[in-house]
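The values are calculated or read from the model by the stated rules, or taken from the named source; none is laboratory data. Computed from a predicted structure; not experimentally measured. Using ideal geometry, Cβ is built from the backbone for each residue, glycine included, and neighbour counts are taken over all protein chains shown. We work out accessible area using only protein heavy atoms, side chains counted, and drop any ligands, DNA or RNA first. Shrake-Rupley method; radii C 1.70, N 1.55, O 1.52, S 1.80 Å.
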Amino acid sequence: MLNQKTSLTQYLIEQRRRFPQASGSFNSVILAVALACKALSRKVAYGALAGLHGRAGTTNVQGEAQQKLDVLANDAFVQCLQWGGYVRGMLSEEMEDPWLASSDTALGDYLLAFDPLDGSSNIDVNLSVGSVFSVLRAPSGSEAVSVEHFLQPGVRQAAAGYALYGPSTMFVLTVGHGTHGFTLNPELGEFLLTHQDMKVPEETDEFAINASNSRFWEPPIRRYVEECLAGKNGPREKDFNMRWIASMVADAHRILTRGGVFMYPRDSKDSTKAGRLRLMYECNPIGMLIEQAGGRASTGEAPILEVVPASPHQRIGFVFGSKQEVERIERYHREKPADRELDTPLFNMRGLFRSMA
């Protein structure tokens, strides 16, 4: 007997009925992205058997070594999106310059910004990875698309989502009316709605951060983490658990499922970079998904979705998750740093996360 759950295609058709003036091109963009994610799901599932583990011997625009699956994932997105003529441009972490539709290609209504394979350092150790995407509106009429047309703040996204390649493959999507999760049924080859109207709990006892960078953190972040680690005896008066998967998609999915806060803040490790994560195709789509689920997404100081991009591959600090926790971190940034060390020894000169003087 066929599963009676709503498919991704049916969901998109229902959403379109709410806007009779809309064309079918929006649905086609989302379904083409979903097709690329299905193809990647199969490649990831084969693991080492596919011969796709290890480095490709090339670097991306960020100067990062590309994995073989990074390259394959990028090609999958481009191939699935460019042939239909529904997008007029694509911006990817793995491409220095955006792909722009040629004059003889059908003029689509949308632009796509994406990270084809988030968390690729996890590939060789068989941990969860994912894909992240943001759908933006292209300029109206026949105006030629340029790089500048991609530089839209996150509040102007038409849709955002990610695919998570884990024990099951999930496709999590928002079109501006809540955040919804679809699970791939491998027998049908369809994404089926399994997590309707996902919500981020306002309170949490989990946080995610790369503690190896603690010596580079700004005082507000150090203060927040120290208070969490102090547990019941500290100012928060409860114990926290620290989680870190090294895949933002996987961390975001955990937070959407059971709450938490994720921090990849601006720090002093590299003064030439304003942060680690990319604004347009990592932070903005995750930020939209989180906020549509009742959470909050921030630079650590202000809403991430209000930031106007200065360049297509711009990096930025990123904090998202349970609303009350993100607001606390923003408040700590507004307050003056304390003149004394906190009572907890974890980050003091002889503490657990700070090297000895």
Seminar exercise, completed: Here the qualifying pairs (Cβ atoms under 6 Å; residues six or more apart or on different chains; first in segment 116-140 and more than 21 Å from Ile290 (Cβ to Cβ); second open to solvent by 30 Å² or more (accessible area, probe 1.4 Å) and part of a helix (DSSP H, G or I)) come out as Pro139/His149
Seminar exercise, completed: Restricted to segment 198-226 and to residues being open to solvent by 60 Å² or more (accessible area, probe 1.4 Å) and touching a residue at least 24 places away in the same chain (Cβ under 8 Å), the residue nearest to the chain's Cα centre (by Cα) is Lys199
Exercise. Pairs, please: C-beta under 6 Å, at least 6 apart or cross-chain, first residue within 13 Å of Glu148 (Cα to Cα) and in segment 306-320, second assigned to a loop (DSSP other than H, G, I, E, B) and at pLDDT 95 or above?
Worked result: Val308/Pro153; Pro309/Leu151
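Checking the condition in contact with a Ser or Thr (Cβ under 6 Å, 6 or more places away or on another chain) and open to solvent by 10 Å² or more (accessible area, probe 1.4 Å), which residue from Leu184, Leu229, Leu188 passes?
On the way: Leu229 fails: in contact with a Ser or Thr (Cβ under 6 Å, 6 or more places away or on another chain); Leu188 fails: in contact with a Ser or Thr (Cβ under 6 Å, 6 or more places away or on another chain).
Only one candidate passes the filter, namely Leu184.
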For this session: Can you work out which of the residues in segment 40-55 that are small (Gly, Ala, Ser) and surrounded by fewer than 16 Cβ atoms within 10 Å (Cβ to Cβ) is modelled with the highest pLDDT?
Result: Ala45
Seminar exercise, completed: The condition of being in a helix (DSSP H, G or I), more than 25 Å from Ser134 (Cβ to Cβ), modelled with pLDDT of 95 or more and of a type in the set (Asp, Glu) holds, among Glu237, Glu226, only for Glu226
Problem set entry | Matching residues, segment 300-324, being part of a loop (DSSP other than H, G, I, E, B) and either surrounded by 19 or more Cβ atoms within 10 Å (Cβ to Cβ) or among the small types (Gly, Ala, Ser) (or both) | Gly300, Ala302, Val307, Pro309, Ala310, Ser311, Pro312, Gly317, Ser322
Problem set entry | Within segment 118-136, considering residues that are in contact with an Asp or Glu (Cβ under 7 Å, 6 or more places away or on another chain) and modelled with pLDDT of 95 or more, the one farthest from Ala32 (Cα to Cα) | Gly130
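Picking from Ser268, Ser247, which residue would you name as being touching a strand residue (DSSP E or B) at 6+ places or on another chain (Cβ under 7 Å), of a type in the set (S, T, N, Q), modelled with pLDDT under 95 and farther than 15 Å from Ser322 by Cα?
Working: Ser268 fails: touching a strand residue (DSSP E or B) at 6+ places or on another chain (Cβ under 7 Å).
When all the criteria are applied, what remains is Ser247.
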For this session: For segment 2-27, name all the residues that are under 21 Å from Arg88 (Cα atoms), at pLDDT below 80 and of a type in the set (A, V, I, L, M, F, W, C).
Result: Ala22
Exercise. Would a scan of segment 275-295 turn up a residue that is of a type in the set (D, E, K, R), modelled with pLDDT of 95 or more and open to solvent by 30 Å² or more (accessible area, probe 1.4 Å)?
Worked result: yes
Problem set entry | Hits in segment 254-274 (condition: buried (at least 23 other Cβ atoms within 10 Å of the Cβ) and over 23 Å from Pro153 (Cα atoms)) | Ile255, Gly260
Exercise. When only residues in segment 168-204 that are modelled with pLDDT under 95 and among the charged types (D, E, K, R) count, which is nearest to Ser128 (Cα to Cα)?
Worked result: Glu187
